[in-house]
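A short write-up of the structure that comes next.
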Amino acid sequence: MNLAPIPHNDHLFVRRLKQVGELLRGMRVTWGYLVRPSRVVTREYPENRETLTFPERFRGQVVMPHDAEGEHNCTACTLCEKACPNGSISILTTKNIADKRVLGRFVYRLSSCTLCNLCIEACPFDAIHMGHQVDNVEAASYERAALDLILNKREGR
Amino acid sequence: MNTPSSPSAPAPEHRLPPGFALHASGADGSQEYFLNMGPQHPSTHGVLKLVVRLDGETVVEVVPHLGFIHRAIEKMGESETYVQYLHLTDRMDYLSSHINNLGVCMAIEKAMGIGVPERGEYIRVMVSELQRIQSHLLWWGAFGMDLGAVTAFLYGFKEREKITALFEDLCGARLTMNYFRPGGSNADVPENFIPRVLEIVEEMKFTLDEFNALLSANPITISRTQGVGALSRERAISYGCSGPVARASGVNFDVRRHAPYSIYDRFEFDVPLGQNGDCYDRYRVRMEEMRQSVRILEQAAASFPEGPHRAKEKPVYKLPAGSYFSSVETARGMFGTYIVSDGGLKPYRIKSRSPNLSNLAPIAEMAAGGKIADLVAILSTLDIIVPDIDR
Amino acid sequence: MIDLTVTHPIGDRIREVLPPLPAALANGALAVASLALLVTVMAILLVWLERKVCARFQARLGPTRVGPFGLLQPIADALKLLMKENLRPTATDMVAYYLAPLLPITGSFLVLTVIPFDHNLQVANPGAGVVFVIAASGLGILGTLIGGWGSNNKYALLGSMRSGAQLFSYELSMVLCMLLVVMAAGSASLREIVLSQQGTVLDWWIFKLPGAGFAAFLLFLISSTAELNRGPLDLSEAEQELTGGFHTEYAGMSFSMFFLAEFVNMFAAAALGSTFFLGGFLAPQIGVHAVDAVLSFVPGVIWFGLKSGFLIFLYMWFRWTFPRLRIDHLLALEWKFLLPVSMGNLLLGATLVTFGLLLP
Ligand code: SF4
Ligand code: SF4
């Protein structure tokens with residue numbers, strides 16, 4: 001499909017008039033925004049922090065949900081560690097009283113995480129999620145070390 | 001280039017730095033000087049550096065310097081599995097990340113003979129077209145800003161945000177999507193996906209009219225773009241341009257039409273073609289492409305099927321030894337993925353043919369003889385994504 | 001000696017209690033001080049207004065955090081700029097670099113001294129006020145030229161050369177538009193020009209000279225936009241092309257002088273526009289007695305502010321709607337269109353005045 005050719009045959013005066021008309025048309029568009037406050041799209045972020053919601057699938061940082069007893073689903077299978085393209089996850093295992101291999105520390109380096117979701121897809125036990133709370137998004141920090149997180153709350157469970 | 005053969009050789013009077021090919025004009029009393037546009041400049045959109053040879057305000061020659069954001073994505077790909085590599089393609093042309101993902105997925109599918117269920121194909125097409133509109137909206141805003149109409153920039157972003165929010169619901173990300181997987185996509189669409197697409201489609205029609213009113217026929221825009229930076233059909237082909245840049249020069253090539261992938265052959269759409277290859281044609285081609293994408297979206301939404309969104313997932317993606325190629329049409333042109341596999345878990349070599357490098361190539365030819373302002377307009381209508389050039 | 005005195009109750013009182021020379025000095029000091037206050041307040045107000053209006057044109061909110069409605073935002077900006085280090089790149093020409101930011105603001109300040117804000121609110125009333133205005137506004141051009149040259153930066157140089165070409169050209173058509181009014185009013189004193197528009201709204205020069213007045217007003221709007229260096233004619237800044245043009249190398253306080261001058265300049269241009277074409281401080285009269293009485297009850301300075309505000313709004317509207325012109329198109333627009341048209345318009349106006357074909 002060819003683009004419609006641009007008409008060139010107008011008289012110069014008619015063309016100038018049309019050009020002025022186009023300028024005014026543009027001004028009408030901006031005017032429409034000025035007089036209609038409902039078209040303002042700004043959301044004032046720190047103020048609306050309390051009411052801010054993210055979609056359920058939103059990929060904030062990786063979190064490990066714990067139930068009421070402080071238990072999590074992780075079996076230290078290290079599938080997520082293998083799935084991660086950036087080596088952001090290190091699963092440090094330990095032995096519990098029954099001499100069973102369990103999760104010691106789930107080390108998660110937010111600083112090198114690309115929030116790609118692959119670890120979550122890899123986990124067979126649904127032990128980790130992508131957080132979609134405000135806290136999972138605000139990750140700015142003055143120190144790099146603050147971005148090395150340990151996701152499980154207690155060791156050796 | 002007249003580089004002195006030995007250090008002691010007298011330096012020629014009008015020696016030019018490396019990269020400049022044209023002869024120094026007006027050697028006697030030449031007024032030429034060099035200007036570094038970038039890597040930090042408002043209208044190079046990222047870290048592109050253009051070394052410009054100027055005569056007053058007139059551009060004599062432009063030499064792009066690349067490599068400021070080189071991350072060796074292709075080399076990194078060799079040490080990552082195929083699925084892991086997907087998320088790196090997000091970071092090439094970040095405004096077409098869905099489509100880049102799709103390209104890699106298609107190469108893997110081709111190699112392993114994975115089919116995609118009907119619904120998965122529909123999702124692919126719809127998401128690709130949404131992404132194309134989203135990318136063009138951002139381009140429109142940036143184009144307005146490069147020309148000095150800052151308001152357009154905000155309008156472009158405002159409209160783009162609606163699609164970005166949809167993507168956020170769809171895959172949880174706004175820019176680096178990592179949504180498509182070999183055999184489909186990593187999740188089904190949310191329930192209200194189709195109604196929201198239809199809503200966006202309706203709004204887009206109004207938006208495009210508004211954008212046309214603000215900028216398209218504005219005499220200042222026309223005087224800044226018409227006849228500026230013309231690229232002939234022959235030159236566009238020999239530079240390997242693709243996408244809207246090539247189509248504005250009259251090259252009738254669109255991967256969606258001429259090598260249909262996914263289920264593009266089922267939809268009706270036109271491939272807009274320009275005649276002059278100037279900035280204004282590139283502008284109009286993109287505006288028209290948005291309308292065509294809206295058309296595709298409407299058709300796809302009307303026949304969106306039920307069913308699984310992804311073929312049965314494989315535990316590992318191991319490509320048989322050999323080489324595989326796939327190409328898709330991103331918002332900027334043809335994105336090719338070439339995979340050489342030695343049968344292992346990771347590619348032996350993975351190569352992307354990204355549209356932006358070849359689209360940037362003609363800039364020296366297009367800008368020569370124009371003004372600095374023309375250079376900005378040209379760069380803007382080429383719609384360069386620098387991380388895609390450097391990779 | 002020309003008498004520049006403007007009678008004002010406070011001035012008269014000072015003249016009563018003090019001997020002539022100290023009285024003249026005290027009056028002068030008072031006038032300059034109040035003008036300086038006005039300039040400061042105006043600059044702050046306009047910065048805020050520009051940001052708010054621009055935001056609303058762009059479907060944004062604009063400043064909201066500092067003070068009610070973000071009113072204190074310009075003050076916060078000014079403080080920030082004040083606290084910044086006043087960097088001077090080593091390769092710059094020190095004298096030119098530091099002199100340049102002072103000139104534009106001085107120019108617009110001087111223009112404001114002869115603007116009649118109300119019946120007796122004017123710093124000085126020279127008989128050749130228009131000539132003075134034209135001369136003073138030339139200082140601004142000098143500022144951008146010197147600044148761009150002294151910065152020793154290619155972007156800045158390009159910007160200042162552009163502004164030289166642009167401002168000198170557009171000055172011509174702007175002056176021609178003013179000349180039309182001077183001719184019609186029969187005086188070059190700004191006060192006389194305002195007073196010549198007494199009567200109803202139709203006696204303002206924009207309407208009173210049929211056709212010619214309105215054309216001159218439009219031409220004045222366009223050429224003063226160029227004079228102000230505002231978008232769409234802000235070629236010497238041209239952020240997207242020249243990264244800021246003539247003030248690329250400026251930082252901190254010296255940058256803010258350029259920045260403030262832009263806004264004071266805008267006020268001065270709008271003040272000139274309303275003085276020449278919209279009846280200055282005169283209240284709009286529509287010929288209905290009851291309404292007119294109410295309208296003229298409002299002090300002239302408020303009318304003056306409203307009229308200037310309207311023009312300022314127009315400038316903002318232009319800026320936030322249109323893309324920028326290219327330098328050669330800009331000069332072509334002036335030399336091939338605006339200048340001939342304003343000359344023809346002047347001729348038309350002269351004919352109208354000569355044959356008395358004014359609106360009754
Ligand atoms: S989201 Fe991606 S990068 Fe981040 S830890 Fe998971 S797999 Fe690694
Ligand atoms: S989080 Fe999931 S994948 Fe990772 S170690 Fe625990 S159970 Fe395995």
Would you mind checking the radius of gyration and Dmax of the stretch B:73-388 based on alpha-carbon positions, in Å? 19.2, 59
Only protein chains counted, 1.4 angstrom probe. Which residues of the stretch B:157-179 are at least 50 Å² less accessible in the assembly than when their chain is isolated? B:Lys158, B:Glu168, B:Gly172
For C:Arg319, what is the net charge nearby, where nearby means another residue's Cβ is under 13 Å from its Cβ and Lys, Arg count +1, Asp, Glu -1? -2
Which of the helices in chain C, when you take each full DSSP H run, stretch at least 18 Å along the axis at their Cα atoms and have an average Kyte-Doolittle score of 0.5 or higher? C:20-57, C:129-151, C:154-185, C:212-228, C:252-277, C:300-319, C:339-354
Please go through the stretch B:303-340 and write out the trypsin sites (Lys or Arg not before Pro) that DSSP classes as loop and that have at most 14 other C-beta atoms within 10 Å. B:Lys312
Rh (Kirkwood, all Cα-Cα pairs) for chain C, Å, reads 21.5 Å
Check: C-alpha center the stretch B:256-302 vs C-alpha center the stretch B:330-345, spacing in Å is 23 Å
Among B:Pro320, B:Leu166, B:Gln131 - extreme Cα towards positive end, dipole of chain B, charges at beta-carbon: B:Pro320
Could you work out how far apart the two model spin labels at A:Asn86 and C:Leu347 are, taking each label as a point 7 Å from the Cα in the direction of the beta carbon, and quote it in nm? 7.1 nm
Compactness ratio of the stretch A:62-150: Cα Rg over 2.2 N^0.38 Å, N = residue count? 1.10
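Averaged across B:223-236, how many Cβ atoms of other chains sit within 10 Å of each residue's Cβ atom?
1
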Output needed for the stretch A:1-72: three equivalent-ellipsoid semi-axes, defined as square roots of 5 times the C-alpha gyration tensor eigenvalues, in descending order, whole Å. 56, 20, 7
Give the separation of the Cα centroids, the stretch C:295-344 to the stretch B:76-127, in Å. 54 Å
Taking 0.36 nm per residue of separation between C:Leu295 and C:Glu192 and subtracting their Cα-Cα distance, the length gained on full extension comes to 34.9 nm
Output needed: Cys residues of the protein assembly as shown lacking any neighbouring Cys C-beta below 4.7 Å, sorted by number. A:Cys74, A:Cys77, A:Cys84, A:Cys113, A:Cys116, A:Cys123, B:Cys105, B:Cys171, B:Cys241, B:Cys279, C:Cys54, C:Cys177
Taking 40 Å² as the minimum loss, tell me which residues in the stretch B:196-216 lose that much accessible area going from the chain by itself to the full protein complex (1.4 Å probe). B:Glu210, B:Ala213, B:Leu214
Could you run the numbers on buried accessible area between C and B, total for both chains, 1.4 angstrom probe, in Å² to the nearest 100? 2400 Å²
Any idea which of B:Pro272, A:Gly32, C:Leu260 is furthest toward the positive side of the dipole for the protein assembly as shown, if Lys and Arg beta-carbons carry +1 and Asp and Glu beta-carbons -1? B:Pro272
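Sequence gap at least 6, Cα distance under 8 Å: using those rules, report the relative contact order of the stretch B:31-123 to the nearest whole percent.
Result for the stretch B:31-123 is 15 percent.
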Summing +1 per Lys or Arg and -1 per Asp or Glu among the other residues with Cβ less than 9 Å from B:Pro42's Cβ gives -3
Here Rg/Rh (Cα, Kirkwood) for the stretch B:332-391 equals 1.20
Which whole-angstrom value gives the distance between the alpha carbon centres of the stretch C:9-41 and the stretch C:90-126? 19 Å
So, with +1 on the Cβ of K and R and -1 on the Cβ of D and E, and no other charges, what is the size of the charge dipole of the stretch C:224-360 about its Cα centre, to the nearest 20 debye? 360 debye
Could you tell me the accessible area of A:Trp31 in Å² (1.4 Å probe, neighbours in place), rounded to the nearest ten? 100 Å²
Accessible area per residue, 1.4 Å probe, Å², for the stretch A:1-41: what's the number? 73 Å²
For the stretch C:284-360, report the accessible area per residue in Å² (1.4 Å probe, heavy atoms, rounded to an integer). 51 Å²
The percentage of Cα-Cα pairs in the stretch B:109-174 separated by more than 14 Å is 66 percent
Considering the alpha-carbon set of the stretch B:143-286 alone, what are its Rg and its Dmax in angstrom? 17.9, 49
Length-normalised contact order of the stretch B:73-388, Cα under 8 Å, at least 6 apart, in percent, tallies to 27 percent
The stretch A:1-41: C-alpha gyration tensor shape, a/c 1.5 cut-off, then a/b vs b/c: oblate
Taking the Cα atoms of chain A alone, what are Rg (to one decimal) and Dmax (as a whole number) in Å? 27.6, 94
On the accessible surface of the protein assembly as shown, probed at 1.4 Å, how many percent belong to carbon and sulfur atoms? 63 percent
Using the Kirkwood radius over Cα pairs of the protein assembly as shown, the Stokes-Einstein translational diffusion coefficient at 37 °C and 0.692 mPa s, in µm²/s and rounded to a whole number, is 105 µm²/s
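Measuring with a 1.4 Å probe in the full set of protein chains, what accessible area per residue, in whole Å², belongs to the stretch C:10-83?
Working: 4170 Å² over 74 residues.
Roughly 56 Å² per residue, with all protein chains present.
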Note the buried accessible area between B and A here, summed over both chains, with a 1.4 Å probe, in Å² to the nearest 100. 3100 Å²
Using the structure shown, select from B:Lys110/B:Lys351; B:Lys49/C:Lys84; C:Lys208/C:Lys307; B:Lys49/C:Lys80 the pairs with a Cα to Cα distance greater than 19 angstrom. B:Lys49/C:Lys84; B:Lys49/C:Lys80
Mean Cβ count within 10 Å, highest first, over the residues of peptides C:211-221, C:156-166, C:240-250: C:240-250, C:156-166, C:211-221
Based on the Cβ-Cβ distance of C:Asn152 and B:Phe68, what FRET efficiency does E = 1/(1 + (r/R0)^6) give at R0 = 22 Å, to the nearest 0.05? 0.25
For C:Leu221, what is the net charge nearby, where nearby means another residue's Cβ is under 12 Å from its Cβ and Lys, Arg count +1, Asp, Glu -1? 0
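Compute the orientation-averaged projected area for the stretch B:240-391 from the convex hull of its Cα atoms and round it to one decimal in nm².
On the way: hull surface 45.2 nm².
Projected over every direction and averaged, the Cα hull of the stretch B:240-391 covers 11.3 nm².
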Taking every residue in A:31-37, how many Cβ atoms of other protein chains lie within 10 Å of its Cβ, on average? 5
Counting protein heavy atoms only and a 1.4 angstrom probe, how many square angstrom of accessible surface do chains A and C bury in total, to the nearest 100? 1400 Å²
What residues in the stretch C:206-246 lose 20 Å² or more of accessible surface when the other protein chains are added to their chain alone (1.4 Å probe)? C:Glu239, C:Gln240, C:Glu241, C:Thr243
Note the angle between two axes, namely the Cα long axis of helix A:12-35 and the longest principal axis of the Cα atoms of chain A, as a number of degrees from 0 to 90, rounded to the nearest 10. 40 degrees
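The values are calculated or read from the model by the stated rules, or taken from the named source; none is laboratory data. Just so we're clear, the structure is a prediction, and the values are computed from it rather than from any experiment. Quick reminder, even Gly has a Cβ in these numbers, built from the backbone with ideal geometry, and neighbours come from all protein chains shown. Side chains included, ligands, DNA and RNA excluded: accessible areas come from the protein's heavy atoms. Shrake-Rupley method; radii C 1.70, N 1.55, O 1.52, S 1.80 Å.
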